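Asks: Handing you this structure, nothing more for now.
The values are calculated or read from the model by the stated rules, or taken from the named source; none is laboratory data. Keep in mind that what you see is a predicted model, and the values were worked out from it rather than measured. All Cβ positions, glycine included, derive from the backbone under ideal geometry; neighbour counts span all protein chains shown. The area values use the complete protein model at the heavy-atom level, side chains included, leaving out ligands, DNA and RNA. Shrake-Rupley method; radii C 1.70, N 1.55, O 1.52, S 1.80 Å.
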Amino acid sequence: MKRYLVEPGEKIKLAKCDPNDIKAFGGDKEMGLKALQKLNGELQELQEVLYAEQKHKVLVVLQAMDTGGKDGAIRRVFEGVNPQGVKVASFKVPTDEELSHDFLWRVHKVTPAKGELVIFNRSHYEDVLVVRVHEYVPKPIWKKRYDRINEFEQLLAENGTTILKFFLHIDKDEQKKRLQARLDDPSKHWKFRLGDLEERKLWDQYQEAFEDVLNKTSTKSAPWIIVPANRKWYRDLVISTILVETLKGLNMKYPESEESLDGVVIE
Ligand code: ADP
C-alpha cells in the first residue's frame, strides 16, 4: 500500500500513476472482495472502540474528478459501520454566508470531535481546485491557500486528529464510460448534470490543479494517497486497507469502568 502514499515534497505526475493498477492483493477481484468484507468487519470494531474511548479524532478526506466514485466508496467502505460515530460532511458550492467568511470557516466547524470519524466528501481542497480552474478568486489569493491548508491540518493533527486524504484517480476514458452509464440509465439521470460536460472539457486543468495539491499538501501528519480508482472493488480495497491499518496503529482500547464492578449483582 505504501506505493500509493505521496511522500512529503514528492513531485507527482498523474499521467504516470496507473488508474487501472490492481497489483496488490494478487490482482484477483474475488479475493479482493473477500478481503474487503473482512476489513469491513474490522472497521466496524475499530470504530466502536474509537467511539468508546473518546480520545482520538479521525478525518478522512475524499477528492476526485467528477464520477471518480466518492459516493460509492463511502457506501462500500463504511457499510455496516455504526452511524452514531460516523459523519459525512459534503462540501457544495458555498452559500453567501460561507463566502463572506474565510474559506476554512465552513470546514473547521465540521471537523471530528473526540471519538468521531468524519468523512469529507469534497473538502477545503475545492478552494484550490474548482476555484483555481474557474478563477473564482485571483491567483494571488488561491496560491496562498496551500500553506494555509497545511497549517490548518497541522493544527487539527496537533489536537489529536488522524488525517487521511484519498485522491480517487480515474482516467478520462473511465469518466466517459461512467457519464455514459448515467445517461443510459433513467434511474441515474438525477446524477447527470450538463455542467459535468463543461467540467470535462477542463480535464487537463483539473489534473494540473490536483497535481499541485498532491505535491504541496501531502505531509507526514496529513498524507495524500493516490487510489487507483478505475476498478471500483480495488478502489474500495485500497481505502479500507489503509484506513484499517491506520486505525489499528492508534492502539485504541475500550475504557475501564470508572467504578469497581466487582461483586455487582443485577437483581
Ligand atoms: P458531488 O459531485 O460531490 O456528488 P454535487 O454534484 O452537489 O456533489 O457537486 C458539488 C459542487 O460544489 C461541485 O461542482 C464542486 O466543485 C462545488 N464546490 C464545492 N466546494 C466549492 C467551492 N469552495 N467553491 C466553488 N464550488 C465548490
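Asks: Out of MET31, PHE210, LEU104, whose Cα points farthest toward the positive end of the dipole of region 2-248 (charges: +1 Lys, Arg; -1 Asp, Glu; placed on Cβ)?
Replies: MET31
Asks: Would you mind getting me the FRET efficiency between VAL137 and LEU14? Use the beta-carbon distance for r and R0 = 25 Å, nearest 0.05.
Replies: 0.55
Asks: Pairs LYS11/LYS177; LYS11/LYS109; LYS177/LYS201; LYS13/LYS34; LYS2/LYS177; LYS70/LYS176: which exceed 21 Å Cα-Cα?
Replies: Over 21 Å apart, Cα to Cα: LYS11/LYS177; LYS11/LYS109; LYS13/LYS34; LYS2/LYS177.
Asks: With the chain treated as a Gaussian network of Cα nodes joined by springs under 10 Å, which of LEU62, LEU237, LEU46 yields the largest mean-square fluctuation?
Replies: With Cα springs under 10 Å in the chain, the top fluctuation among LEU62, LEU237, LEU46 is at LEU46.
Asks: Per residue, how much accessible surface does region 204-252 expose to a 1.4 Å probe? Answer in Å², no decimals.
Replies: Solvent-accessible surface per residue comes out at 34 Å².
Asks: Kindly give Rg over Rh for region 104-204, based on alpha-carbon atoms, with the Kirkwood expression for the hydrodynamic radius.
Replies: 1.04
Asks: What FRET efficiency comes out for ALA113 versus MET1 if R0 is 22 angstrom and r is the Cβ-Cβ distance? Round to the nearest 0.05.
Replies: The pair ALA113/MET1 has a calculated efficiency of 0.20.
Asks: Let me know the whole percent of all Cα-Cα pairs from the chain that are separated by more than 23 Å.
Replies: The answer is 55 percent, as a whole percent.
Asks: Taking 30 Å as R0, compute the FRET efficiency from the Cβ-Cβ separation of ASP184 and TRP233 and round it to 0.05.
Replies: 0.85
Asks: With labels modelled as points extended 7 Å from the Cα through the Cβ direction, what inter-label distance (nm, one decimal) is found for LYS191 paired with ASN82?
Replies: 3.1
Asks: With each run of n ≥ 4 DSSP H residues scored as -39500 (n - 2.57), what mean residue ellipticity at 222 nm is computed for the chain after dividing by its residue count and rounding to the nearest 500 deg cm²/dmol?
Replies: -13000 deg cm²/dmol
Asks: Identify the GluC sites (Glu not before Pro) of region 1-109 meeting these criteria: DSSP loop state and at most 12 other C-beta atoms within 10 Å of the C-beta.
Replies: GLU10
Asks: A further question follows. Mark the label point 7 Å from the Cα of GLU258 along Cα→Cβ and return the residues of region 21-65 whose backbone N is within less than 17 Å of it.
Replies: Correct set: 52-55.
Asks: Quickly rank 246-256, 121-131 as a protection proxy: mean count of other C-beta atoms within 10 Å, highest first.
Replies: Going by the mean number of other Cβ atoms within 10 Å, highest first, we get 121-131, 246-256.
Asks: Give me the extension gain from GLU198 to SER221: residue separation times 0.36 nm, minus the current Cα-Cα distance, reported in nm with one decimal.
Replies: Here the answer is 4.7 nm.
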